[in-house]
Amino acid sequence: MRFGVVVFPGSNCDADCYHVVDQVMGHPVTYLWHGDKDLKNVDCIILPGGFSYGDYLRTGAIARFSPIMDKVVEFGEKGGFILGICNGFQILTETGLLPGALIRNPSLRFICKDSYLRVEQNETPFTGKYQSKQVIKVPIAHGEGSYVADKETLEKMEKAGQIVFRYSTSQGEITQEANPNGSARNIAGIINEKGNILGMMPHPERCAEAILGGEDGKLLFESLINWWQGGKA
């Protein structure tokens, strides 16, 4: 499976994503420059975390108009796999590839710590290696990670199984105290209706090796590769 990591001015997790795909998963990966329009025949695009264009105007708003994003949107609409992490998730909502928006944390502070997530949906290309309701530990690092959407959209997503990860306690309880950024319904990650585009605020690439303290994030990449290879479980 061939991966492409988009690099915007201000991206700072691009090398991390590249490393995981290349060194941990052992799959081909290339950087995709924001000013280009060539996706280099990749099978999955990763929009990494960081501060694209300095988060000016609002997170993801300027990156959305980068030349390469027209091709990324077209790629996603045709069923290509896209993984948006943190700033990448914000960009996906700005493009309309995913519903809702990410706004400032209620604390108005940047939050950087481990978070617990409950896997709500394990029948997706990105989560097939997880168990339903499994609790995983994944780092977060963001100042604008509060997911919001109107009630109708939230209800539609619930019914369609588009809510993939929720912030939880270490025991899997969905509580207000376990929600680090005030996201609606403790939402930490969602998928589009077709199931080929995932956006999440936590960083799976930062917990894909034992040396970093955990490998829960590695299962996400394993799930996608397994799906691509025909395992679908």
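Laboratory data are not the source of any read-out in this text; all were calculated from the coordinates shown. All figures in this text were calculated on a predicted structure; none of them were measured in a lab. For neighbour counting, all protein chains shown are included, and Cβ atoms are generated from backbone atoms with ideal geometry for every residue, glycine included.
Which entries in the list 113/156; 113/133; 37/151 go over 26 Å, if you measure between the two C-alpha atoms of each?
Distance filter (> 26 Å) returns 113/156; 37/151.
The order of 44, 112, going from fewest to most other C-beta atoms within 10 Å of their C-beta, is 112, 44.
Return a whole-number percent for the relative contact order of the chain, with Cα pairs under 8 Å and 6 or more residues apart as the contact set.
RCO, the chain: 19 percent.
Fully extending the segment from residue 101 to residue 31 would add 22.6 nm, taking 0.36 nm per residue of separation and subtracting the current Cα-Cα distance.
Cβ-Cβ distance of residue 137 and residue 38, R₀ of 30 Å, FRET efficiency by 1/(1 + (r/R0)^6): the value works out to about 0.20.
Restricting the stretch 62-134 to trypsin sites (Lys or Arg not before Pro) that sit in a DSSP loop and have at most 12 other Cβ atoms within 10 Å of their own Cβ leaves 78, 109, 133. Classify the stretch 54-109 from the C-alpha gyration tensor, please: rounded if a/c falls under 1.5, else prolate or oblate depending on whether a/b exceeds b/c. Verdict is prolate for the stretch 54-109.
For the pair residue 148 and residue 108 in one chain, pulling the backbone fully straight at 0.36 nm per residue adds 12.8 nm over the alpha carbon distance.
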